[in-house]
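Data first, discussion second: the structure below is written as C-alpha cells.
The values are calculated or read from the model by the stated rules, or taken from the named source; none is laboratory data. Since we're looking at a predicted model, the values are computed, not measured. So basically every Cβ, Gly included, is an ideal-geometry build from the backbone, and we count neighbours across all protein chains shown. Protein only, heavy atoms only, side chains kept; ligands, DNA and RNA dropped before computing areas. Shrake-Rupley method; radii C 1.70, N 1.55, O 1.52, S 1.80 Å.
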Amino acid sequence: MRPTHIAALATAVSLMVAGAAAAAPDEPGRSGQQDGQAADPDRKGADNGRRQVLSNLIGHDRHAGRVLWYDLSANVENLDTPEKVATMVGKTADAGFDTIVLDVGNYTGFVAYESEIAPHISESATYAGRTYPAGYDLLEEVLEAAEDRGVQVHANLNVFAQGATSAGEGPAFDNPEWQSVFYEGRRMAAAGTASYPITGTNLERGTDQLVLYTSDEHDVSPANRWGAEAAVVDGVVIELRDRAEDDSPPMPVPENGVVLSGHGAAREWLVANAVEGASIDLSQTDTRLVPAADHQAQFATFVNPLRDDVRAYAQSLITEIVERYDVDGVVLDRTRYASQYADFSPESRAAFEERIGAPVAEWPEDIFEIVFTDTGQEIERGPLFQDWLEFRASVITDFVDDTSALVREIDPDVTYSTYAGAWYPLYWHEGVNWGSRNYQPDLDWAGPGYGATGYAESLDFFMAGTYFEDVTRDEAVDSGRPEDWYSVEGSAEIAMEATDLATFVYGSLFVLQYEDDEDRFRRAMEMAMERTHGLMVFDLVYLEMYDWWHIVAEVLDRPGASPHTNPGFLELVRR
C-alpha cells in the first residue's frame, strides 16, 4: 500500500473512532435486512463504519468538497485557447478549488475532445461562429493545465440528452429511433376551421410556437418583438399587434382575458386569423404520442434510457474517455428522462408490462391522464402511477449501477459521480431516484418499492443541485415559496436525508441566482458547506463575469481537500 493510501486510511479510521460513541450501533429500519435473515457481520460493520465517517464529515472544516464546474458552451471565450485555459485553471486553484468538472459533451450530443465516436462541437450548427476551433481538444488542454496546479479534472457527459431540437442535429437525429416518445397534451386555438396548437402557458416563446400568457403571471407579454400578438377576452380578439412588422410595444395582458403570442408559422396564423373582432376558441384539446423531435417544449432532444443501443452508445463515450485520457473522474449529467411526459414508446410499454406481469388496458391513461385547466394542464394519476414511477427509476438506476461497475473495471482510480437537482419531492418528474436504496420516502407518489430503486450506493460522490435563491428555510417562507425546502438549507437537508450517508454529497449552487448580491452568494456557499460534505459551484462563467473569485477564496480560505480526493474515504464509500 502506498504511503498516501496509508495516511488516508488513518484519517478515515480516526474519524470512525471519533464518532463511535455517538453512532447508534443498530438503527431500526435502516439495515434493509428482511425478517428472519441473518445479518452479515462484516458487511454490517463496514456499513456502520462508513456511516460514522460520513456523518462526522458533514460540515467538516478540512475535509470538504470544493468543486468548480466548467460549462462547455458558456465558457467558449474563457477556454478556446491553451493560454486562456491556463489562466482559468490558475484562477480556479488560487480560489481554493481542488476539482474541476469539465463539461466535454453537452445536451446537443457534440463533444470537445478527440472522439472517434461523437461529433466535435466545431461541427454543430447550434454554435456556429461561437464555438471551439476544429480539432481543439479541450479535455487535453485542461488536463495539462490542471496537472501543473495540482487540481483534479472530472470529465462530464450529458447522457440521455443527445440533440438540439431547434437545429435538428445531434446523435438523436442521426438515430431517430433512439428518441424518447412524449405523451403530449395540446390546447388548440381555433378560428373557424383554422386551428393552431398552443405550445404552453406562460412559457418562453420559441421558434414557430404559439404561447398563451395570463394576467396572473404577466402584466404585458414577455415575448420579444419578432412575432404577432392577439389580446383575447371572452373568446373575441380585442386587439392584434404584428410586432415583427411594425415594432409595436408588447401587448398588455387583459385582466379578464389572455394574450396569444406567435412566432414564425404561429405569427402567420395569428395575422391571418386573429383579426380584431374575430372569434377564437381556446377550449379545444387533444393528446398524442410524439417523438422528441416533434415535442417543441424541450430545447434538448432526449433519447430513451431503456434502449440497449442508447446505453451502449453512452457507455462507449465513457469508456473512450477513461481509456484514452488521464482523468481523475467521470460525471454523468442529464442521466434522466426529459420530464414526467416521457418515455411512452412501445419499447417502454412492453418492458413495463413485463415488469408488472400484465398488459396495460388503457395506455397511457392508466399511468396518468392529462387534464386541462384555465391556466394550463395537470395530470390525474391512474391506477398504475406508482408502479410506473418505480419502473422509470429502476431503468435509470440500472444504467447508473452498470456504468459504475464499468468505470471501476477499466480504472478503479477514476471516481464516479452524478449531478441531479436536490428537489427530491419533485424529482419523480425526471424518473430518477438518486437516494439510498435503504431510504423509503414518505411521499404520496412513492409506492412501497420505490426506495429500493435508489442509486446513491453506486456513486463516489453526488452533486445535489441546491439551486434556490433563498438561503435559509425561514427566507423561503418569507419569500412565499411553496415549501421551506425551496432553499439552499432545506434542499441540502433533503439531499442528506435521502442519500442516508451512502456516499458524499456536495451542495451545488447556481451562481446566476445570486447576481448583484455578493453577501447572499457567500452565505449560500457557507450553508452548502455546513449542511453537506462540501460545495460545487456552477459555473466558471459567472465567477469570471461577476469577478467573484475573491468571495470564493474567502469562503475556501482553509486548509484541506475534497473527500473524494482521499483514497481512504473512497475505500470506505465503495465497500
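Points to keep in mind about this one:
- Any chance Gln513 is in a loop (DSSP other than H, G, I, E, B) and open to solvent by 20 Å² or more (accessible area, probe 1.4 Å): no
- Those residues of the stretch 90-101 which are of a type in the set (Ser, Thr, Tyr) and surrounded by fewer than 24 Cβ atoms within 10 Å (Cβ to Cβ), in sequence order: none
- Arg149 vs. criteria under 29 Å from Thr565 (Cα atoms), assigned by the TED database to the domain that holds Asp460 and basic (Lys, Arg): yes
- Top-ranked residue in the stretch 241-257 [being in a loop (DSSP other than H, G, I, E, B) and of a type in the set (D, E, K, R); ranked as most open to solvent (accessible area, probe 1.4 Å)]: Glu255
- Among the residues of the stretch 61-89, the ones that are open to solvent by less than 40 Å² (accessible area, probe 1.4 Å), farther than 30 Å from Thr126 by Cα and either out of contact with any helix residue (DSSP H, G or I) (no Cβ under 8 Å at 6 or more places or on another chain) or in a helix (DSSP H, G or I) (or both) come to 1 in all.
- Only one of Thr397, Thr415, Thr472, Thr403 that is assigned by the TED database to the domain that holds Leu317 and in contact with a His (Cβ under 9 Å, 6 or more places away or on another chain): Thr415
- Of the residues Ala561, Ala528, Ala524, the single one that is touching a strand residue (DSSP E or B) at 6+ places or on another chain (Cβ under 6 Å) and closer than 30 Å to Asn48 by Cβ is Ala528.
- Scanning the stretch 297-316 for residues that are closer than 16 Å to Gly170 by Cα and outside any helix (DSSP H, G or I) returns Gln298, Phe299, Ala300, Thr301, Phe302, Val303, Asn304.
Residues checked against (1) among the acidic types (Asp, Glu); (2) farther than 23 Å from Arg186 by Cβ; (3) out of contact with any Cys (no Cβ under 8 Å at 6 or more places or on another chain); (4) not assigned by the TED database to the domain that holds Tyr427:
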site: Asn304; (1), (2), (3), (4): no, no, yes, no
site: Ala314; (1), (2), (3), (4): no, yes, yes, no
site: Leu317; (1), (2), (3), (4): no, yes, yes, no
site: Gly329; (1), (2), (3), (4): no, yes, yes, no
site: Asp333; (1), (2), (3), (4): yes, yes, yes, no
site: Tyr341; (1), (2), (3), (4): no, no, yes, no
site: Pro359; (1), (2), (3), (4): no, yes, yes, no
site: Pro364; (1), (2), (3), (4): no, no, yes, no
site: Phe385; (1), (2), (3), (4): no, no, yes, no
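- Cβ-Cβ under 7 Å pairs, at least 6 apart or on other chains, the stretch 479-490 side surrounded by fewer than 22 Cβ atoms within 10 Å (Cβ to Cβ), far side among the aromatic types (Phe, Trp, Tyr): Tyr486/Phe468
- Under the condition of being out of contact with any Leu (no Cβ under 9 Å at 6 or more places or on another chain) and open to solvent by less than 30 Å² (accessible area, probe 1.4 Å), the residues counted in the stretch 224-240 number 1.
- Of all the listed residues (Ala502, Ala528, Ala498), the sole one being part of a loop (DSSP other than H, G, I, E, B) and closer than 24 Å to Gly454 by Cβ is Ala502.
- Any hit, the stretch 539-551, residues being over 23 Å from the mean Cα position of the chain (by Cα), farther than 25 Å from Leu102 by Cβ and crowded, with 16+ Cβ neighbours inside 10 Å: no
- Any pair with Cβ under 6 angstrom, 6 or more apart, that starts in the stretch 103-132 at a residue that is in the same structural domain as Val327 (by the TED database) and within 19 Å of Val303 (Cβ to Cβ) and ends at one that is open to solvent by 40 Å² or more (accessible area, probe 1.4 Å) and at pLDDT below 95: Thr126/Ala167
- Within the stretch 538-570, the residues that satisfy the criterion of being assigned to a helix (DSSP H, G or I) and of a type in the set (Asp, Glu) are Glu544, Glu554.
- Taking every residue in the stretch 425-439 that is in a helix (DSSP H, G or I) and pairing it with any residue that is of a type in the set (Val, Ile, Thr), at least 6 positions away or on another chain, the pairs with Cβ-Cβ distances below 9 Å are Pro425/Ile494; Glu430/Ile396.
- For the stretch 224-240, taking the residues that are among the charged types (D, E, K, R) and assigned to a strand (DSSP E or B), the one that is nearest to the chain's Cα centre (by Cα) is identified as Glu229.
- With respect to the conditions (1) in contact with a Lys or Arg (Cβ under 8 Å, 6 or more places away or on another chain); (2) open to solvent by 50 Å² or more (accessible area, probe 1.4 Å); (3) not small (Gly, Ala, Ser), Gln296 falls short on a single one, namely (1).
- Taking the stretch 329-406 and the strands (runs of 3 or more DSSP E) fully enclosed by it, no element has 2 or more residues that are more than 30 Å from Val232 (Cα to Cα), out of contact with any helix residue (DSSP H, G or I) (no Cβ under 9 Å at 6 or more places or on another chain) and open to solvent by 10 Å² or more (accessible area, probe 1.4 Å).
- Conditions (1) in a loop (DSSP other than H, G, I, E, B); (2) open to solvent by less than 10 Å² (accessible area, probe 1.4 Å); (3) not basic (Lys, Arg); number of the one not met by Val104: (1)
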